[in-house]
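Notes follow once the structure below has been shown.
The values are calculated or read from the model by the stated rules, or taken from the named source; none is laboratory data. Computed from a prediction, not measured in an experiment: that's the story for all the values here. The accessibility values were calculated without ligands, DNA or RNA, using every heavy atom of the protein model including side chains. Shrake-Rupley method; radii C 1.70, N 1.55, O 1.52, S 1.80 Å.
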Amino acid sequence: MILANLAKAVREQNWFAVAIEFVIVIAGVAIGFQIQGWNAEREERTAEAELLGRLHAEFSTNLARIDERTFYLSILSSGEELFSQITEARDSGDETIMAAGSTLRVFLFAPTFEADTPVLDGLISRGQLEIIEDRSIQNVLATWERELRDYTAFAERARRYSDELLLPALSVRGDVGDILMAADTQSLDDPARQVYVQIRIDAELRGIVAGRYSAARSAQRKFDLLRSAAIDVIDAIERQLPSTVRP
């Protein structure tokens, strides 16, 4: 009896309607997953836009800081002046020069630049750079990291050259105490307060001055490349980021 009733129910079933209902259910599930995917993608792109905005502000600030550091050219200029003075004195048969305190003080200055990039550093440390979908932005960020490492290495080399070679060489050839104790180079530039130091010259000092100049020039070139890398990051972000979202 039970089997007969079951068979009757099967015979009377509208399989077309069942199929339609099944298709509707499947389509609803698929649409639901699709909507979830769209929402997730929209949230990811919103998060990416916010992140790019923060990186844009971060690199714009660092670029401004880089552009403020105009003293690199003064360092190279002072090195050229000191080297020329030593060369001319040597060619004239002189054993000493009277070097301006401001020239020596500037040439002994060996600055470094520390980038302030907490947003980028956080992404790298957490391995989240893939949040940024645009490959061109990933590439310029990688270039920035490489140029920063290179610049830092060259700047530290220039500082060691100044502290460990140039300063000791000058100290044993003249009294540089007053210029080191001066509060700043502006006081040394004042004609009424300018200090001149008699420095004994020789081939070793000339070579050290040339080496210090070369190290400073290399650091300056790397600094220029770092500046270009910062500009490339900003430009790449601006091409991707809508102007309405930029800081």
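Things to note:
- Accessible area of the stretch 140-185 belonging to carbon and sulfur atoms, whole % at 1.4 Å probe: 53 percent
- Volume of the Cα convex hull of the stretch 88-214, divided per residue and given in Å³: 152 Å³
- Of all accessible heavy-atom area on the stretch 48-112, the percent that carbon and sulfur account for (1.4 Å): 50 percent
- Average 1/r across all pairs of distinct alpha carbons in the stretch 64-144, invert it, and you get the Kirkwood radius: 16.7 Å.
- For Thr96, nonlocal amide neighbours, meaning residues 5 or more places apart or on other chains whose placed amide H falls under 5 Å from its own, are Ile201.
- Using equal-weight Cα scatterers in the Debye expression, the normalised intensity of the stretch 59-100 in log10 at q = 0.23, 0.24, 0.33 Å⁻¹ is -0.76, -0.79, -1.03.
- Figure note: Glu130, Glu48 ranked by solvent-accessible area, largest first, 1.4 Å probe, ligands and nucleic acids not counted: Glu130, Glu48.
- Accessible-area ranking of Tyr72, Tyr196, largest first, probe 1.4 Å: Tyr196, Tyr72
- Average accessible area per residue (Å²) across the stretch 57-200 - probe 1.4 Å, nucleic acids and ligands excluded: 55 Å²
- Distant-in-sequence amide H partners of Val195 (H built 1.01 Å from N, under 5 Å): Gly101, Ser102
- Solvent-accessible surface (1.4 Å probe) assigned to Glu156 amounts to roughly 90 Å².
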